[in-house]
Amino acid sequence: MKTNLCKLLSGGLAALLLVFSGAGNAVDLTVYTAVEAEDLKRYADTFNQDHPDINIKWVRDSTGIVTAKLLAEKDNPQADMIWGLAATSLLLMKSEGMLVPYKPKGLENLDPKFYDRDSVPSWVGMDAWVAAVCFNTVESAKHNLTAPKSWKDLIKPMYKGHLIMPNPNSSGTGFLDVSSWLQIFGEEDGWAYMDALHENIARYTHSGSKPCKLAAAGEIPIGISFAFRGARSKEAGAPIDIIIPSEGIGWDMEATAIVAGTDKLAATQTLVDWSISKKAMEMYNTAYAVIGYKGLAKPVKHFPPETLSKLIENDFEFAANNRKRILAEWQSRYDSKSDPK
């Protein structure tokens, strides 16, 4: 199984490898991430203002792909660390003994929800991304679609063929949606909800941001995505509304961890320290309304005011411990509408 997975990843992984160089004698760190590609240079440049002696070599893809790649490489790790991957993925890797526990400087400044519960944490959180519905007002008017107010509204017949959402096997946003629906509605009713939603879905993408990007471009009236992408699209002039469903919204943290097996421990610890610093958190806050640093967050333009009040009491242990089962069940039920890989 592992051999086949490795072959699949080496042949089909659309990873983005970028190198941002600092000083001539700098240490090179291979950093796996699911951070949006457009932000990687800014992250590295801001870090290098304080630490020009460490070069970041990004390997970037969607959350599901990066998670699968790390698991496939468990016995022969290629990454030094992870900077910006779902906390639910890092919980899974912690259970597999793949992370190096480290208590970074400044940990006391973080909300306790934003780090591992062990006395020496295996991972620390950066920011949180939240589920949302991107609703193109122009395209929806052409099809006489009214704006949904709830998740259950999306199973109404009027929306048939006008919805897209991410595949949870590829996308952390997709998995966030699925695991949150199972928590909001309960296991049996959650799968019944997804059965009904599937009837209205036009296709499943392999990127969490793509449904909102496509809705912003007018290619589909409604994309189930995340609020950060909706805010950026709206700022760019797209005719979309960002809708926070009334039942509540799933969320996950982008988090950082050191990969067991790295021979560059001092440099990885330096980056983990910096990743939770005030300067780093202010950088995250330019795009994310929820950050780990207590009392630092400022409002982000176009985020609906009810966003924070609608965050569900997310059970990260449930999501991590049941990830394999949930993804297998989803695959067997709905994968027929997924985009080709």
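Listed values, structure above:
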read-out: Shape category assigned to region 91-241 from the gyration tensor of Cα positions, a/c cut at 1.5; value: prolate
read-out: Sparse-neighbour loop sites [trypsin sites (Lys or Arg not before Pro); region 116-172; at most 16 other C-beta within 10 Å; DSSP]; value: ARG117, LYS149, LYS160
read-out: Cα centroid of region 70-86 to Cα centroid of region 207-225, whole Å; value: 29
read-out: Percent antiparallel among DSSP beta bridges (both partners in the chain, rounded to 5); value: 65
read-out: Residue among HIS198, HIS206, HIS51 with the largest mean-square fluctuation in a Gaussian network model of the chain, springs linking Cα atoms under 10 Å; value: HIS51
read-out: Accessible area of region 51-152 divided out per residue, in Å², using a probe of 1.4 angstrom; value: 39
read-out: Surface share of carbon and sulfur [accessible, 1.4 angstrom probe, percent] for the chain; value: 52
read-out: Over the chain, relative contact order from alpha-carbon pairs under 8 Å, at least 6 apart, %; value: 24
read-out: Size of charge dipole - region 75-137 - debye, nearest 20, with Cβ of Lys, Arg +1 and Asp, Glu -1, no other charges; value: 140
read-out: Solvent exposure of region 237-320 as accessible area per residue, Å², 1.4 Å probe; value: 41
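The values are calculated or read from the model by the stated rules, or taken from the named source; none is laboratory data. Keep in mind it's a predicted model, so treat the numbers as computed, not measured. Reconstructed Cβ throughout: ideal geometry from the backbone, glycine too, with neighbour counts over all protein chains shown. We work out accessible area using only protein heavy atoms, side chains counted, and drop any ligands, DNA or RNA first. Shrake-Rupley method; radii C 1.70, N 1.55, O 1.52, S 1.80 Å.
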